[in-house]
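Take a look at the structure below.
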Amino acid sequence: MSLRRRSRGEAEVSTESLNDIMFFLLLFFLIMSTMVSPNVIKVNLPDSDTRAQATVDPIHLGVNDKLEYQVDEIKTTFFGLEEVLRKKLEGRNDPTVVLHIDKSLRYQDFVDVLQLGPKLNCKMVCATKASNQK
């Protein structure tokens with residue numbers, strides 16, 4: 001009587017489906033990360049450590065927390081802002097507008113003013129308060 005086995009089975013781990021599982025997990029996390037609302041993140045606007053030195057004579061545009069606009073010494077509304085800036089920018093070679101915008105305003109208010117730069121063919125620079133002047 002022979003008690004020995006003739007064939008011996010080998011242990012095998014199949015990893016063929018592991019690639020599919022990892023792909024679906026990656027896809028799931030990518031889709032879920034795009035669904036997260038960006039309004040959840042609170043952003044504190046930074047203060048600057050140094051002040052940029054202007055090489056040209058810039059035009060200063062101020063916007064306070066009540067959305068009152070002032071170009072140098074001229075007060076205006078948002079709808080008249082483009083015309084006032086156009087008059088101030090006439091005859092300048094490299095026009096630059098420095099924006100002094102209150103940090104309590106919405107980003108959309110800031111972007112609305114920034115969109116005037118390409119229309120008027122001028123550089124728009126955002127001024128910040130120095131960090132030691134809080």
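Pull up the stretch 46-59, narrow it to residues that are open to solvent by less than 80 Å² (accessible area, probe 1.4 Å) and over 21 Å from the mean Cα position of the chain (by Cα), then point me to the one that is modelled with the lowest pLDDT.
Applying the first criterion (open to solvent by less than 80 Å² (accessible area, probe 1.4 Å)) to the stretch 46-59 yields 47-48, 54, 56, 58-59.
Narrowing further to those that are over 21 Å from the mean Cα position of the chain (by Cα): 54, 56, 58-59.
On the way: Ala54: 51, Val56: 65, Pro58: 87, Ile59: 89.
Per the stated criteria, the residue is Ala54.
If I ask for residues that are assigned to a loop (DSSP other than H, G, I, E, B), loosely packed, with under 10 Cβ neighbours inside 10 Å and modelled with pLDDT under 80, which ones from the stretch 14-45 would you list? First the steps, then the outcome.
First, the residues of the stretch 14-45 that are assigned to a loop (DSSP other than H, G, I, E, B): 14-17, 35-37, 41-45.
With the extra rule that they be loosely packed, with under 10 Cβ neighbours inside 10 Å, the set shrinks to 14-17, 35-37, 41-44.
Listed by number, the residues that qualify are Met35, Val36, Ser37, Ile41, Lys42, Val43, Asn44.
Contact map, the stretch 82-109: residues that are aromatic (Phe, Trp, Tyr) paired with residues that are not in a strand (DSSP E or B), Cβ distance under 9 Å, separation 6+ or inter-chain. Pairs shown: Tyr107/Val43.
Given the condition farther than 15 Å from Pro58 by Cα, open to solvent by less than 90 Å² (accessible area, probe 1.4 Å) and within 25 Å of the chain's Cα centre (by Cα), answer yes or no: does some residue in the stretch 86-97 qualify? Scanning the stretch 86-97, I find no residue that is farther than 15 Å from Pro58 by Cα, open to solvent by less than 90 Å² (accessible area, probe 1.4 Å) and within 25 Å of the chain's Cα centre (by Cα), so the answer is no.
When you go through Lys103, Lys75, Lys66, Lys119 one by one, which is the residue that is in a loop (DSSP other than H, G, I, E, B), modelled with pLDDT of 85 or more and either open to solvent by 30 Å² or more (accessible area, probe 1.4 Å) or not aromatic (Phe, Trp, Tyr) (or both)?
On the way: Lys103 fails: modelled with pLDDT of 85 or more; Lys75 fails: in a loop (DSSP other than H, G, I, E, B); Lys119 fails: in a loop (DSSP other than H, G, I, E, B).
Residue meeting the stated conditions: Lys66.
The values are calculated or read from the model by the stated rules, or taken from the named source; none is laboratory data. Because the structure is a prediction, the values reported are computed rather than measured. Neighbour counts are summed over all protein chains in view; Cβ atoms, including those assigned to glycine, are modelled from backbone coordinates with ideal geometry. What goes into the accessible areas is simple: the full protein's heavy atoms, side chains included, and nothing from ligands, DNA or RNA. Shrake-Rupley method; radii C 1.70, N 1.55, O 1.52, S 1.80 Å.
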